[in-house]
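**Student:** I'd like to ask some things about the structure below.
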Amino acid sequence: MTALLSLQNIWVEYGDKVVLERVNLDIEAGSFVSIIGPSGAGKSSLLRVILGQEIPTRGQMLLDGLPLKPECGPDRGVVFQRYSVFPHLSVLHNTVFGLECAQAPLIARLFGSRRRAALAEAEDMLDAVGLSDSLHLYPAQMSGGMQQRLAIAQALIKRPRILLLDEPFGALDPGIRADMHALITRLWRDYSLTVIMVTHDLREAFSLGTRVLTLDKRRRDPHAPHRFGATAVYDLPLTKRMPAPEATADSITLDA
Amino acid sequence: MRWVNRRIRRGNSILLGAAPIALLVLLYLVVAASRHAANSNDKILPLPGDMASAMSALLFQPDPLSGQLIFWADTFASLQRLGFGLGISTLSALLVGLLLGALPPIRATFGPLVTGIAVIPPIALLPILFIAFGLGEMAKVALIVIGIAPFMIRDVAAHIAALPREQIIKAQTLGASSWQVMVRVALPQAMPRLIQAVRLSLGPAWVFLISAEAIASDVGLGYRIFLVRRYLSMDIILPYVAWIALLAIMMDVLLTWSSRRLFPWAHGAEH
């Protein structure tokens, strides 16, 4: 059982403020990892490090055993809470963007049969997230839930090794959120995705995830609270949907 | 009902907007008529008839010296200078603004230079331009460009730099290179802002055009106004000023319309 993504002794520091300390994580292919924790515990910092948006001050990350470049790339897809779709492109062109970038390095636009193939692929992807009726709308004309569906379709068309979700449903109302939970679960199964999701909704973390990580500070110095960073204090594998038999309910450990 | 909540219907808003203009025209006519009643040769506030006859000479009778219809030659010369000035400024705002806004190393290198140029009063550079480019068209166009391009560059660059970081990150996770982020994410979103910057620069561009024409020129709307000032010819100055205002309004309307037409996504609800 080799890990898809492996974080080794990751530290994130801003000046003398330690945000994350000694984070060691192995994430298996096909898992759905929820990250929870109090505000300011470095959930988003950890996600940004994995995404490559932020460079850890210490430690290294391996994807398939190879060191990751500290820069965003198509191997890691992302859906943010807001602003992750392009307002100047229609739904269809938002989705086809990833294909155009890969196939036309210079003009990032496709023509002829390649364009038709890319558009067809994008339409299939949009069908999978339930946006097949809205191909020609602009993001500003859509609800928050539809925009997040689009952001997911946009990311998935690149077939990323890991899909990172940064509080993706935090701004949605409860009914829509339930629909989105069903959608992301279905996509996770259908496309055998590996998902890492940051959330502050405990129920969401436990109902979607196959593994729940809790980030918090292990130690506190009352005189200099910023000098200790957060790390994974709980690492709970959830059995209910895990295909792997080795996971058991009693494996609630401190810092696995 | 509170005034902040009042909604004005379209017909009413045209009526309301026209009222102060009509009132001002009426006021002018009353004062002009009373001055003419006292002195039938008054030149300061000419009556519409005087303006029409003075203008018809410029509009329809060829100038004996050059053989041109002066009004149209002035308009053409001024619009050409303005067009070149605005065109060069817009193009450079797009190119330089895009580079400055999207690429932090370029911004760090050239940002202070652009800011430095932007704070120089352009009219102070006019002597340098006249010395460098002579008294021809080049110096006038250059004054407009130096006057408005730095502002437009900074506006476009700031707009691009303020695009949500999430979008830029997202584009990279979709495989976009720096170049692709610039041409597919930053550039299209800068376009409506660029048109907005052109609209805001129209006023200063006219100021620099008229200044350059007033100082050294032999044709142009600004040149004509300053020339006939020597003869106290308000009957030509006032129609020329009105014509400049009309041209400026038409450009503004055209820019607004084209922005809505070309970039509907940037104009909220009404697409």
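Nothing in this text is a laboratory measurement; each read-out follows from the coordinates by a stated rule. Since this is a predicted model, take the numbers as computed values, not measurements. Methodologically, a virtual Cβ is constructed for each residue, glycine included, from the backbone with ideal geometry; neighbour enumeration extends over all protein chains shown.
**Student:** Report, as an integer, the average count of C-beta atoms from other chains found within 10 Å of each Cβ along A:68-75.
**Tutor:** Mean partner-chain Cβ count within 10 Å for A:68-75: 3.
**Student:** Within a Cβ distance under 14 Å of residue B:113, other residues only, what is the Lys/Arg minus Asp/Glu net charge?
**Tutor:** With Lys, Arg at +1 and Asp, Glu at -1, the neighbours total +2.
**Student:** Please determine, in degrees from 0 to 90 and to the nearest 10, the orientation of helix B:234-262 with respect to the longest principal axis defined by the Cα atoms of chain B, where the helix direction is its Cα long axis.
**Tutor:** 30
**Student:** Continuing with this model, one more query. Ranked highest first by average number of other Cβ atoms within 10 Å, how do A:113-124, B:69-80, A:194-205 line up?
**Tutor:** Taking the mean over residues of other Cβ atoms within 10 Å, the ranking is A:194-205, B:69-80, A:113-124.
**Student:** Can you give me the convex hull volume of the Cα atoms of the protein assembly as shown, divided per residue and expressed in Å³?
**Tutor:** Looking at the protein assembly as shown, the number lands at 247 Å³ per residue.
**Student:** Listed highest first by mean packing, meaning other Cβ atoms within 10 Å per residue, what order do A:159-165, A:99-105, B:190-196 come in?
**Tutor:** Highest to lowest by the protection proxy: A:159-165, B:190-196, A:99-105.
**Student:** What is the calculated FRET efficiency for residue B:124 to residue B:258, with r their C-beta to C-beta distance and R₀ = 45 Å, to the nearest 0.05?
**Tutor:** The computed FRET efficiency comes out at 0.85.
**Student:** Using amide H atoms built 1.01 Å from N in the peptide plane, name the residues 5+ places from residue A:197, or on other chains, whose amide H lies under 5 Å from its own.
**Tutor:** A:33, A:34, A:35, A:165
**Student:** Ordered by residue, what ³J(HN,Hα) values in Hz, to whole numbers, does segment B:188-200 give under the Karplus form 6.51 cos²θ - 1.76 cosθ + 1.60, where θ = phi - 60° and Gly and Pro are x?
**Tutor:** x, 6, 7, 4, x, 5, 5, 4, 4, 5, 4, 4, 5
**Student:** Can you figure out the FRET efficiency of residue B:138 with residue B:25, using R₀ = 35 Å and their beta-carbon distance, to the nearest 0.05?
**Tutor:** Efficiency, from the Cβ-Cβ distance: 0.30.
**Student:** Let me have the relative contact order for segment A:102-199, percent, based on Cα pairs under 8 Å that are six or more residues apart.
**Tutor:** 25
**Student:** Report, as an integer, the average count of C-beta atoms from other chains found within 10 Å of each Cβ along A:77-88.
**Tutor:** 6
**Student:** Then there's this: Using the alpha-carbon atoms, what tilt in degrees (0 to 90, nearest 10) does helix A:144-156 show relative to the longest principal axis of chain A?
**Tutor:** The answer is roughly 90 degrees.
**Student:** Distance in nm between label sites at residue B:230 and residue A:234, each 7 Å beyond Cα in the beta-carbon direction?
**Tutor:** Placing both labels 7 Å along Cα→Cβ, they lie 9.1 nm apart.
**Student:** Segment A:102-130 to segment B:35-50: how many Å between their Cα centroids?
**Tutor:** 71
**Student:** Collect residues whose amide H, placed 1.01 Å from N in the peptide plane, falls under 5 Å from the amide H of residue A:238; neighbours closer than 5 in sequence don't count.
**Tutor:** The answer is A:211, A:212.
**Student:** Would you mind giving the mean number of other chain beta-carbons within 10 Å of the Cβ of each residue in B:259-267, as a whole number?
**Tutor:** Mean shielding count: 2.
**Student:** Here's another thing I want to ask about it. Relative contact order (percent) for chain A, with alpha-carbon contacts under 8 angstrom and 6 or more residues of separation?
**Tutor:** Once normalised by length, the contact order is 25 percent.
**Student:** Counting helices only, and only those DSSP H runs with n ≥ 4, report the 222 nm mean residue ellipticity of the protein assembly as shown as the sum of -39,500 (n - 2.57) divided by its residues, in deg cm²/dmol to the nearest 500.
**Tutor:** -18000 deg cm²/dmol
**Student:** Take the Cβ-Cβ distance between residue B:66 and residue B:110 as r, set R0 to 41 Å, and report the resulting FRET efficiency rounded to the nearest 0.05.
**Tutor:** The formula returns an efficiency of 0.40 here.
**Student:** Sticking with this structure for a sec: In terms of modelled amide H atoms, which long-range or inter-chain residues lie less than 5 Å from the amide H of residue A:54?
**Tutor:** The list, which skips near neighbours in sequence, is A:49.
**Student:** How would you order A:215-224, B:47-56 from highest to lowest mean count of nearby Cβ atoms within 10 Å?
**Tutor:** The most tightly packed comes first, giving B:47-56, A:215-224.
**Student:** Further, regarding this structure: How would you rank B:179, B:206, going from fewest to most other Cβ atoms within 10 Å of each one's own Cβ?
**Tutor:** Ascending Cβ contact count within 10 Å gives the list B:179, B:206.
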